[in-house]
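Everything below concerns the one structure shown next.
The values are calculated or read from the model by the stated rules, or taken from the named source; none is laboratory data. As the structure is a computational prediction, the values presented were derived from the model and not from experiment. We place every Cβ from the backbone using ideal geometry, glycine too, and count neighbours over all the protein chains shown.
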Amino acid sequence: MTITITREDTGSKASYLAKVDGFEGEGILTISVASGALVIADHTSVSDDLRGQGIAKALAERLVADARAAGQKILPLCPYMKGYMDRHPDETRDVRAS
């Protein structure tokens, strides 16, 4: 299974869209850029036909990698992103906003 994730920026907001070959649905993770150094993860959802395939995790990992590369911190307001960061403290500590 190949997951393709794209990022679309619109001003102070951005969304990560995940698609999987052979499936109609998609996963989405939305963020708001509060400042150049802080992004707020505010929503994650995955369509029913893709649940249980690791799509939300792939979106979270992409956000963490992008934030790290940009020198940003993530404030996880979205329950999924908060849970992901809680379950992976060692991998996300450097990018998690207090």
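Structure notes:
- Condition check for S32: within 21 Å of S98 (Cβ to Cβ), without any contact (Cβ under 8 Å) to a residue 24 or more places away in the chain and not in a helix (DSSP H, G or I): yes
- Flag if G71 is over 13 Å from the mean Cα position of the chain (by Cα) and either on the phi < 0 side of the Ramachandran plot or not aliphatic (A, V, I, L, M) (or both): yes
- Residue check, K19 more than 13 Å from the chain's Cα centre (by Cα) and outside any loop (DSSP other than H, G, I, E, B): yes
- Listed by first and then second residue, the pairs with beta-carbon distance under 9 Å, at least 6 apart or on different chains, first residue in region 56-77 and within 15 Å of G36 (Cβ to Cβ) and modelled with pLDDT of 95 or more, second assigned to a helix (DSSP H, G or I) and of a type in the set (D, E, K, R), are R68/D94; Q72/D66; K73/D94.
- The listed residues are S35, S45, S12, and the only one of them that is polar (S, T, N, Q) and modelled with pLDDT of 95 or more turns out to be S45.
- Residue count for region 35-55, restricted to those that are farther than 19 Å from V95 by Cα, without any contact (Cβ under 8 Å) to a residue 40 or more places away in the chain and not in a strand (DSSP E or B): 6
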